[in-house]
Each structure stands twice: as structure tokens, then as C-alpha cells.
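Structure record follows, encoded as C-alpha cells.
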Amino acid sequence: MLEVRGLTAGYGASTALFDVSLALGEGEVATLLGRNGMGKTTTIRAILGLTPPRGGEIRFRGESLAGLPPEAIARRGIGLVPEGRQVFPTLSVRENLVATAANRAGHAQPWTLERVYGLFPRLGERAGQSARTLSGGEQQMLAIGRALMTNPHLLILDEATEGLAPVIRAEIWATLAALKARGQSILVVDKNLAALGRLADRHHVLEKGRTVWSGSGAAMIAEAERIRGWIGL
Amino acid sequence: MRERLVALAALLAALALPWIAEAAGSPASIGLATRMAIYALAAASLNLALGFGGMVSFGHAAFYGIGGYAVGILYAHWSWQEPLLGLIPGSVSLAATLLAAMAAGGVAAAAIGALSLRTGGVSFIMITLAFAQMVFFLFVSLKAYGGDDGLSIRRRGELPGLDLRDPAQLYWLCLGLLLAWLLLLRRVTRARFGQVLSAARQNERRVVALGISPYPYRLVAFILSGMGTALAGALMANATRFVSTDMLHWTKSGELMVMVILGGAGTLMGPVLGAVALVGLEYGLAGLTEHWQFILGPLLVLVVIFARGGLMAALRRLRLA
């Protein structure tokens, strides 16, 4: 579904990504692991066209994304839950979900307000409240719901559990597991190895702008020591 | 509930104003209220772009003036009995001239918006100002329509059943159009269109990453904004029976911005409050002293510093307190 090969990208004169490769199949959950500043967020930005790639190849559902503007890439079915959540503060919870909603792929059972509220009952309780009054965890749920409402083929979560209370984290991980069970493809950027080990099918480790290790969950457990060295936990 | 009662009371007072003015022995205040309603219409329109859309236009005087000149030019050709460009007959029909003003404002906003919206931030402010200055100098150089001296309109717009020589009827017309425009803005800003517009103001990159290009939404909002401002200009031409390049001057753009910010950008009623307050203050202070701007300036500074979010926010706080 998503295949990134030899990706290079950077900002201005500096290069942040030298050689990033990753792959994710239909209905799979894959991870992108690494310490801060290793290029995880830049990789996500490059996939979405927010930081135009300088080299390498990004293919999504069999098509190259090279040169497409961000909104065109998003329209092909990539839904991003960004780092720091970034909900629209003055819009209500309901408006945040509805404003950018779409079913461009024509899914038979698209995400609706009711289904998102079913996934996150707390959003339903706060539907009329403006998003800025939500707690951090609730804003994260809203950001996930907002991305789901575009009915993406691929959901990308960038540091989705950063700065959240352990209880809320567990809730988010449980939600991702439920989404995976429904066949949703997900790419997760995070540092929580334990939770991801159970959830993901494939892992990729970034170090200084390069993919230094890729493998299955079983392989990751076998090489746990090496990987911990890269991730620094 | 209380908010609705206050709004209803304000509406009734606005409707009854001509009778109240007549009874209080100051019929001149009907003209003042008419100016307030017209500026409120222009400010509310600018607010769609500035407040809701985050497009800080410093060129709305162009649309205001174009609306005024549409009425003036159509009147001039009507009085000369000579079609405009040999094609468009002149007119003093109110419906025709107001619609022509809105159409002209819309076309101008489409052209200016389509080019200016490719930029953002400070560049957008400067480009809208530059376009407005071009329109200003264009009309200064159009000697056929009076150039610097402006254009007198000896006949107010005509609509069967309405006599605009009666100040009260002109006032009710302006008030009615203001209310209609506010209802339209309310619908537009609450629809999904308005949500995307607000979302793009708050976080453009996020909207793009969710698959929506903000450009068409902004352009449509900018055009609507230009049309409303042109309508206000057309009404002002009818009220003063005179149009001049004063309407196109950049200080007019600034005045409209001050009204929006003073009242509360991004709220439906804020610009109306701002227009009423600014026009009222100008009138009141000008009656006290010739140097009224010396008092108005610091007052505006105080409002901006102490009432963040403008008069609208101050009112809300009062109600909560």
C-alpha cells in the first residue's frame, strides 16, 4: 500500500533524510521508531508532500506521489494525525469532525459522526463544545476522529501518545487495535516499544536520517538489544 | 435567552428609530443612523474576509467606492441619455443600480482576490492596498465622471412604493438590507463552507493535509465580502447623492478595518457594534471639538488594549460578571 525507497529530504541548505525506506501492506500496522531528531516527522512530512522530497521514491497504492501538492496526496487517501494534535480551536468538536470530512474513495460503510462517537464516546458527550476546551487526550481523540472522517486508506499517527496520561495512552492503543481489527492500515510514529510490539506487523528504525533496521515483530523481539540501542530506551 | 431579548430589543429600537427621532425633535439623527447602518453593512462584509477568513484586506475601499461609482455612473448616463460604452443604458432604478453595484464589486473582488490570495500575511495586506490604490487613481483620472471633484447624483434610486427622498424610508431600506446581509452571513459562516474557512484561518497546513485546498473557499468568501461592501457603497451614494474618490481612499479601508477590530473580528454582530460606535463617536466628538481625532485615537488604542476581542468580547464579559 505504501512503499518508500531511498527517500532524501531536507529544509533549506540542511538535509534531514539521507536514505529512508519503509513499507506497509494493506490492513497492516507499521511503525517508524527512533530518537528525537532522527527524521521521523520529516519522513511523514515528505510522504504528505509538506516537505517536498529531494530524491527517492514514494509509492502509494501503486502510484508515485512525486511532485503532488499536499492536498492532492491527502485526497488519495492518507489521513494524518499530526504531532501536537492541532485541532481547530474555535470550532466545536462536531464542526472539527465535519468540516473536512469526505468519502472520496466511496467506502460502502464510511465513517460518520455516530461511528466516531461510538469509538470515542467522550467526543459525543462534548459534541457542541469548542475544541479548545478539551483535555489533551480528548483533543488527540478528536484529531484521530477528524482524520478518520476523511475515510483514509492509510492513517498516519505522529507521536499520538506524546504527553498523555498513561490511562489515555492505553485507550488510544486500544482504539488503534480496534481500527486494525477492522482492516485499517496504520503507520505509527512513536517511542512506546511495548505497546507497538503487540500492535504492529512491521517495524522500521530511523537513525540520523537513515533506515537502519526493518523487520517483523518477532524479529524485533529477537534483536531487542540492538534496537534499544538505537531508540535509546 | 437574555441574549435573544437584548437582540430583539435592539432590533425594535432600530426599527422605531425614525419615530423616536421625530418625537425627540432631532430628525437629523435619522441620517446619522442611516450612515451607521451602511457602515455596519460594509464592516460586516469586510469581517467575512478579515475576521472569519483571516484575509487582512487593506483594500476594501476599492469595493466600497466601486459600489458608489456604479450608482453614480449609471445615474450620469441616465441623465446624459447616452448608454455606457454605447451598450449599457443608464438607470436610476434602485433595484438595477444596487444589483449592478454588487455585480461590479463581485467582479472586482474576484479579480483582486484571485491574484492577491496567491500570497499571504503582510504581502496580502500590501497587494490589496496596491490594487485599491490603482482603482483610486483610475477614478481620479476619469474626468468624464468628475475625477477629483466627484459626481453628483441628483436623483435617488427609484423603487415603486418607496420614496427615498424621505429619510425614514431610506433608513429602513438600509436597515433592511443590513439585516438581510447579516442573515446571509450567519448562514454562510455556520455552514460547512464557513467551518472550512475558519479552520483554514486557524491552521492552514492542517486543512491542506486533510485534503482541502483553502484557496477556492477564500476566494468565494472574498468575492462575497466585496459584493456586500459594494452594496454599502451604493447605499451611501444614494444617501449622500454624491460619489467621489474619497470613497476609494485608503483611509476608508482603514476606517472599515477599525470598525471590525473595534467591534470584534470574527463575530457576526461585532462589526455592527464597531460601525455604530465609530460613526457615533466621530459625530459626538466632532460636535465637541474640531480636533476630535485627537480624542478618538487614544480611545481606540484603549479599546484594543483593554477589550481584547473588541466591544463584543467586552459585552460578553459584562454579562458574565
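Where a number appears in this text, it was derived from the coordinates with a stated rule and is not lab data. Every value quoted in this text rests on a predicted model; they were computed, and no experiment measured them. Here the Cβ positions follow ideal geometry from the backbone for every residue, glycine too, while neighbour counts run over all protein chains shown.
For the stretch B:1-15, no residue has its backbone nitrogen under 12 Å from a point 7 Å from the Cα of residue B:318, taken along Cα to Cβ.
Annotation note: GluC sites (Glu not before Pro) in the stretch B:216-321 located in DSSP loop regions with a Cβ neighbour count of at most 15 within 10 Å are B:290. The mean number of partner chain beta-carbon atoms within 10 angstrom of a residue's beta-carbon across peptide A:75-82 is 3. In this label model, residue B:110 and residue A:98 are separated by 2.9 nm, measuring between points 7 Å along each Cα→Cβ vector. Would you mind calculating the relative contact order of chain B from Cα pairs under 8 angstrom and at least 6 residues apart, reporting the percent as a whole number? Relative CO of chain B lands at 32 percent. Measuring from centroid to centroid over Cα atoms, what is the spacing of the stretch A:156-203 and the stretch A:73-127 in Å? Answer, in whole Å: 18. A simple count of charges around residue B:209, restricted to other residues whose Cβ falls under 14 Å of its Cβ and scoring Lys, Arg +1 and Asp, Glu -1, yields +3. A Cβ-based charge dipole, computed about the Cα centre of chain A with Lys and Arg at +1 and Asp and Glu at -1, lands at about 140 debye. For the stretch B:23-38, the Karplus equation 6.51 cos²θ - 1.76 cosθ + 1.60, evaluated at θ = phi - 60°, returns couplings of 5, 7, x, 10, x, 5, 5, 5, x, 4, 5, 4, 4, 4, 5, 5 Hz by residue, with Gly and Pro reported as x.
Dipole of the protein assembly as shown (Lys/Arg Cβ +1, Asp/Glu Cβ -1, origin at the Cα centre): which of A:14, B:92, B:80 lies farthest to the positive side? The Cα lying farthest towards the positive end belongs to A:14. When only DSSP loop residues count, what trypsin sites (Lys or Arg not before Pro) in the stretch A:146-232 have their Cβ near at most 11 other Cβ atoms within 10 Å? Here the sparse-neighbourhood loop sites are A:182.
For chain B, the 222 nm mean residue ellipticity estimated from helices alone, with every DSSP H stretch of n ≥ 4 adding -39500 (n - 2.57) and the total spread over all residues, rounds to -24500 deg cm²/dmol. When the Cα positions of A:206, A:106, A:129 are compared along the charge dipole of chain A, A:129 comes out farthest toward the positive end, with charges on each C-beta of Lys, Arg, Asp and Glu.
Lysine pairs in the protein assembly as shown whose alpha-carbon atoms fall under 25 angstrom of each other, counting only those eight or more residues apart or on distinct chains, come to 6.
Taken one residue at a time, the phi angles of the stretch A:164-181 give Karplus couplings (6.51, -1.76, 1.60, θ = phi - 60°) of 9, 5, x, 4, 5, 3, 4, 5, 5, 4, 5, 5, 4, 4, 5, 5, 5, 4 Hz. Gly and Pro are set to x. For the protein assembly as shown, DSSP calls about 55 percent of its internal beta bridges antiparallel. The separation of the stretch B:237-298 from the stretch B:80-113, counted between C-alpha centres, amounts to 26 Å. Among the trypsin sites (Lys or Arg not before Pro) in the stretch B:116-187, those placed in a DSSP loop whose Cβ has at most 15 other Cβ atoms within 10 Å are B:118, B:154, B:155, B:165.
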